[in-house]
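Okay, so here's the structure we're looking at.
The values are calculated or read from the model by the stated rules, or taken from the named source; none is laboratory data. On a predicted model such as this, the values are computed, not experimentally measured, just so you know. FYI the Cβ positions are ideal-geometry reconstructions off the backbone, even for glycines, and counts take in every protein chain you see. Remember, those area values only see protein heavy atoms, side chains included, never the ligands or the DNA or RNA. Shrake-Rupley method; radii C 1.70, N 1.55, O 1.52, S 1.80 Å.
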Amino acid sequence: MKFREEYRDGAAARTLAAEIARIATRNWTLMEVCGGQTHAIVRYGIDRLLPPQVTLVHGPGCPVCVTPVEYVDKAIEIALRPGTILCSFGDMLRVPGSHSDLFAAKARGGDVRVVYSPLDALAIAKAEPGREVVFFAVGFETTAPANAMLAWRAQQENIPNLTLLVSHVLVPPAMRAILDGPDSRIQGFLAAGHVCTVMGTREYDPIAARYRVPIVVTGFEPIDILEGVLMCVRQLEQGRYAVENQYSRMVRRDGNATALDLIGRVFTVIPRRWRGIGDIAESGLALAPAFAAFDAERRFGAVDAGDEAVSECMAGQVLRGVAKPPDCPAFGTRCTPEHPLGVTMVSSEGACAAYYRYRGLAPVPEPVT
Ligand code: SF4
């Protein structure tokens with residue numbers, strides 16, 4: 001397959017790893033931001049190809065993992081109201097709120113429907129004009145254009161029974177929060193290529209300059225990630241801290257102008273609480289005033305929402321790159337995908353799920369061949 005197999009070539013991967021080992025004269029700790037990158041690293045054994053002086057830690061880029069408890073609670077309460085239909089992507093259904101999850105709400109009679117596109121909710125709202133249809137809009141910048149399109153179409157087509165429960169988050173403010181953390185050890189970032197496909201790379205410039213960290217926009221295949229590591233380590237060894245683009249086959253410096261225009265019209269930037277991390281200024285998107293009529297929080301008013309429970313789960317530390325899943329005493333024993341204690345084990349993009357799937361109780365896979 002074009003643009004896939006050549007990025008999984010074992011000989012090329014070993015050549016890149018050898019070059020990283022050749023130039024790395026000191027210990028460096030890099031964070032890959034995206035959960036998709038984490039899964040590729042663990043699946044293909046990329047971290048095991050690297051020399052011991054280069055450490056990869058995993059970042060907060062799993063949208064399901066960082067959706068705050070209070071929004072899961074709100075979705076559950078809305079789903080249980082008579083006459084409502086709660087539409088969500090399937091990976092949100094097992095995410096625990098303070099007391100329950102959307103699967104349990106569905107079992108209790110709530111009309112929870114799994115959709116594959118935000119516009120599926122539009123079709124449901126048209127087909128069921130006598131019921132309130134709510135789309136649970138979560139995710140990073142990658143899903144923001146499609147979710148914005150739903151609100152835009154609802155307004156254009158004057159669909160009165162459709163609203164969005166919005167819990168969007170933005171990556172750059174989270175990177176700043178991680179770097180500001182007292183326990184941060186991050187010296188460089190592999191930024192998420194798909195986020196930058198939408199947003200471009202400009203907003204990373206001030207982060208690289210202020211914190212003096214190289215940021216390399218990186219793709220998701222093994223060769224992408226090894227090239228990203230090499231570019232990052234090369235900068236560190238040379239004392240540089242610039243934004244560079246490894247994923248140039250997809251990412252342009254100015255991003256996708258059409259998507260950015262739509263996001264700018266439909267959403268406004270707000271503070272947002274991140275599950276496991278806490279409140280981060282200007283790190284979320286909410287519907288702009290012009291789209292307030294499609295805001296589920298306004299339509300349904302205040303709903304009961306709880307806080308994160310105190311537990312032995314270390315997901316917050318995993319999401320900040322302070323710990324890795326095997327550091328957690330519960331990993332693979334008391335916490336498994338069948339009986340998860342934390343959201344990073346629930347989500348298919350979560351770091352704990354990646355380690356369990358590829359390294360948990362199964363034989364350790366060979367690096368890329
Ligand atoms: S292994 Fe389970 S309990 Fe431990 S940090 Fe991961 S999700 Fe939390």
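In table form, for the structure just shown:
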| read-out | value |
| --- | --- |
| Computed accessible area, Thr336, all protein chains, 1.4 angstrom probe, square angstrom | 20 Å² |
| Trp28 accessible area, 1.4 Å probe, all protein chains in place, Å² to nearest 10 | 20 Å² |
| Overall Cα dimensions of the chain, principal axis frame, Å, largest first | 66, 46, 44 |
| Separation between Cα centres of segment 259-298 and segment 55-106, rounded to whole Å | 17 Å |
| Full-stretch length increase - Tyr116, Arg26 - with 0.36 nm per residue and alpha-carbon distance subtracted | 27.8 nm |
| Rel. contact order, % - alpha carbon contacts under 8 angstrom, at least six apart, the chain | 24 percent |
| Nearest-20 debye value, the chain charge dipole, Cβ charges on Lys, Arg, Asp, Glu | 420 debye |
| Accessible surface, the chain, averaged per residue in Å² (probe 1.4 Å) | 42 Å² |
| For Arg113, distant residues with modelled amide H under 5 Å away | Leu86, Cys87, Ser88 |
| DSSP beta bridges in the chain [antiparallel fraction, %, rounded to 5] | 20 percent |
| Per-residue SASA entry for Ser283, accessible area with 1.4 Å probe, Å² rounded to 10 | 0 Å² |
| Low-density loop positions, trypsin sites (Lys or Arg not before Pro), segment 1-110 - DSSP coil, at most 14 other Cβ in 10 Å | Lys2, Arg4, Arg26, Arg108 |
| Of all accessible heavy-atom area on segment 163-228, the percent that carbon and sulfur account for (1.4 Å) | 51 percent |
| Protein accessible area in segment 1-118, 1.4 Å probe - carbon and sulfur % | 53 percent |
| Reach of Lys74 by Cα under 14 Å, taken over aspartates and glutamates that are not fewer than 8 positions away in the same chain | Asp101, Asp295, Glu297, Asp304, Asp307, Glu308 |
| Per-residue ³J(HN,Hα) for segment 285-302, Karplus 6.51 cos²θ - 1.76 cosθ + 1.60, θ = phi - 60°, Hz, x for Gly and Pro | 10, 10, 5, 5, x, 5, 10, 4, 5, 10, 8, 4, 5, 6, 4, 9, x, 5 |
| Length-normalised contact order of segment 1-121 in % [C-alpha pairs under 8 Å, at least 6 apart] | 19 percent |
| Under Karplus coefficients 6.51, -1.76 and 1.60, residue-wise ³J(HN,Hα) of segment 151-168 in Hz, glycine/proline x | 5, 4, 5, 4, 5, 4, 9, 6, 9, x, 9, 10, 9, 10, 9, 9, 9, 7 |
| Placed amide H near Asp295: partners under 5 Å, 5+ positions off or other chain | Leu164 |
| Peptide ranges 311-321, 234-244 listed from the most packed, as the mean C-beta count within 10 angstrom indicates | 311-321, 234-244 |
| For segment 134-140, 3J(HN,Hα) per residue [Karplus equation, 6.51 cos²θ - 1.76 cosθ + 1.60, θ = phi - 60°, Hz, x = Gly/Pro] | 10, 9, 8, 9, 10, x, 8 |
| Accessible-area order (highest first, 1.4 angstrom probe) of the listed residues Glu5, Glu128 | Glu5, Glu128 |
| Where His168, His339, His99 fall by accessible area, highest first, once all protein chains stay in place (1.4 Å) | His99, His339, His168 |
| Unpaired by the 4.7 Å Cβ criterion, cysteines found in the chain | Cys34, Cys87, Cys196, Cys232, Cys313, Cys328, Cys335, Cys352 |
